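Written out below as structure tokens is the structure these notes cover.
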Amino acid sequence: MAEREELFRLITENAADMIAVVDSDGRRLYNSLSYQKILGYTPEELQNTSSMDQTHPDDRSQVQEAAKEALVFGVGRRIEYRMRHKDGTWRFLESVPAPFGMRKARPKNWSS
């Protein structure tokens, strides 16, 4: 188990893409270091916050709908949306929600 955790850490800390793990209620459980490089927030600043906090208000419904679809169908679709940088500007992003951690045929968490 320790080897898997170390491998996960190495991959996520060195990935150029932002990687997040969000629970089924939309609370962030994990954010990769690339969030700081791209949006200016440290993983600690984002821990246990809503995944919608930095999402542009006009894009929230499509992001929530894509997450729901991923949970229902087990596969996500590519979406484009805006997230607020720590400096207040908006950044255009693209992601694919991916459910995982199935429990009783229902995903426990999702990532993007």
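Details
- For segment 48-74, the set of residues classified as closer than 18 Å to R91 by Cα, of a type in the set (S, T, Y) and without any contact (Cβ under 8 Å) to a residue 24 or more places away in the chain consists of S61 only.
- Residue match in segment 41-59 (condition: part of a strand (DSSP E or B), out of contact with any Phe, Trp or Tyr (no Cβ under 6 Å at 6 or more places or on another chain) and not hydroxyl-bearing (S, T, Y)): no
- The residues in segment 60-90 that are closer than 15 Å to I19 by Cα and part of a loop (DSSP other than H, G, I, E, B) can be counted, and the count is 2.
- Put simply, of Y41, Y35, Y30 the only residue that is over 21 Å from R82 (Cβ atoms), surrounded by 13 or more Cβ atoms within 10 Å (Cβ to Cβ) and free of Cβ contacts under 8 Å to residues at least 60 places away in the same chain is Y30.
- Just one of the numbered conditions (1) more than 15 Å from the chain's Cα centre (by Cα); (2) surrounded by 13 or more Cβ atoms within 10 Å (Cβ to Cβ) is not true of D87: (2).
Every read-out reported here was derived from the displayed coordinates using simple, explicitly stated rules and does not represent laboratory data. Keep in mind it's a predicted model, so treat the numbers as computed, not measured. Cβ coordinates were reconstructed from backbone atoms using ideal geometry, including for glycine residues, and neighbour counts include every protein chain displayed.
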